[in-house]
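Below you'll find the structure, written out as structure tokens, and then a few comments.
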Amino acid sequence: MFKGNKKFILIFASSILGVVLLQYLLPQPINWNKTYLGQSQNPFGSYVAAELLKKTYCKDFKTNKQTLYNLVNNVKNKTSLVIVNDRIDFNKLDVEALYNFLGYGNTVLIAANNFNGPLADSLHLETEVDYSDFYLSIDSLIKKDSVPINFFAKNIKTKKFFLPNVCTKTKFLSFDSTRFKVLAGGNKNQSYLIKRRLNGGTLYLLSMPDVFGNYAIANKPSKDIAYTIFSLLKNETLIWDEYYKSYNVNNTSPLKFILESDALYAAFMLTLLTIILYMIFEGRRKQKPIPMLEANTNSTLEFVKVISHVYYNNKGHQNIAIEKIKFFYESVRKKFNVNTNYITTDFIEEVSALSGIENKLVKQLFNYCEFIKKLPEITELELVELNRQIHNFNKNSLR
């Protein structure tokens, strides 16, 4: 494809290398995606939270990269499980496994802005996200006043906690207040953190997962919120979930690797654009002309004409008539689904009814055909008459 076009290869390679180098040297923009991944050091990754749990709040720290169904089969002792994501969409098997996990006396902390599916249905959960600051820029949100959060435990009831306004504000709109206990909330009876004893275990639900983001913990006064919530986890073994994440780390395809890097993404798009332009201009220039092929002719009609002329010139009127009657009878059998071996009164009436032609004319046609079949020779006028009657029948037939 590139034969004889070394200059294009050189220009193309230089452009790709220049784009990659330029993107690599440029200051990288801050990634504000809410991944909550334990290895992510972005503002809304959870690297600090995972490290804090690992070093301070447990003796045995594990990372989960499988479904709850598989996890329950391997964990039966008293363990704490932490699941953080922007939304929770457990299926029925996940919910059943969660209840089984709690049945061993374990503790589960789930933090999410939205609870959907069977879990929300079974626990009657509904959350409401405050979209009042949705259209503000990150810089504007950083400058706004923080969101107050109050814990209702006696020992910290008087202490004031504030969450940065960059974090999404979500509250529980509804839950079973007879079974859940509110541990933290905001102004106007807003509930953020609720607790319930379930199947012998303890379930904590938090409507603000941004509390565990790096931005809210690292060098921020709001880190006390995460510290206070983590102190509720009493078990020595702690599992940090990485499976139920919108930005699942299990996807390691080459295309994902390219798209996640600005430099590689720019080089990839430039490569595609260059190849398309080359195919449009160079491909058209080198394309050979397509030869014109003559359309295939239908020789069947010519063959029929030749044979018919041979019969006609040889005065073989009887042979032509016999062949025409055979073809006509065959068409009658197909159209009306009748037996043409016996031309009876019932046959005449049935064909007349199906074709819509008078009984007298149908009887005249088939009697004439049978008459012609019995003659050793016929004249040209008799052949013309046979053709006329068959033509009129086909023309006036309803089928």
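The values are calculated or read from the model by the stated rules, or taken from the named source; none is laboratory data. Model, not experiment: these values are computed from the prediction. Quick reminder, even Gly has a Cβ in these numbers, built from the backbone with ideal geometry, and neighbours come from all protein chains shown.
What the table shows:
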item	result
Hits in segment 72-126 (condition: among the β-branched types (V, I, T) and assigned to a helix (DSSP H, G or I))	V72, V95
Scope segment 153-209; condition at pLDDT below 90, surrounded by fewer than 17 Cβ atoms within 10 Å (Cβ to Cβ) and not in a loop (DSSP other than H, G, I, E, B); matching residues	K154, N155, I156, F162
Residue match in segment 345-367 (condition: surrounded by fewer than 17 Cβ atoms within 10 Å (Cβ to Cβ), touching a residue at least 12 places away in the same chain (Cβ under 8 Å) and closer than 19 Å to E323 by Cβ)	no
Filtered residue count, segment 73-96, keeping only those that are among the aliphatic types (A, V, I, L, M), surrounded by fewer than 21 Cβ atoms within 10 Å (Cβ to Cβ) and under 29 Å from Y227 (Cβ atoms)	1
Odd one out for G105, checked against (1) on the phi > 0 side of the Ramachandran plot; (2) under 27 Å from the mean Cα position of the chain (by Cα)	(2)
Selection from segment 287-308 of residues that are of a type in the set (K, R) and either at pLDDT 70 or above or surrounded by 10 or more Cβ atoms within 10 Å (Cβ to Cβ) (or both)	K305
M279 within 43 Å of the chain's Cα centre (by Cα), in a helix (DSSP H, G or I), at pLDDT 70 or above and farther than 30 Å from I30 by Cα	yes
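Yes/no per residue for (1) without any contact (Cβ under 8 Å) to a residue 40 or more places away in the chain; (2) under 28 Å from T35 (Cβ atoms):
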| position | (1), (2) |
| --- | --- |
| F175 | no, yes |
| T178 | yes, no |
| K181 | yes, no |
| G185 | yes, yes |
| S191 | yes, yes |
| K195 | yes, yes |
| T202 | no, yes |
| S207 | no, yes |
| F212 | no, yes |
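Residues are listed down the side, and each one gets a yes or a no for (1) closer than 18 Å to S397 by Cα; (2) polar (S, T, N, Q); (3) in a helix (DSSP H, G or I):
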site: E323; (1), (2), (3): no, no, yes
site: F327; (1), (2), (3): yes, no, yes
site: S331; (1), (2), (3): yes, yes, yes
site: I343; (1), (2), (3): no, no, no
site: E350; (1), (2), (3): yes, no, yes
site: K373; (1), (2), (3): no, no, yes
site: P376; (1), (2), (3): no, no, no
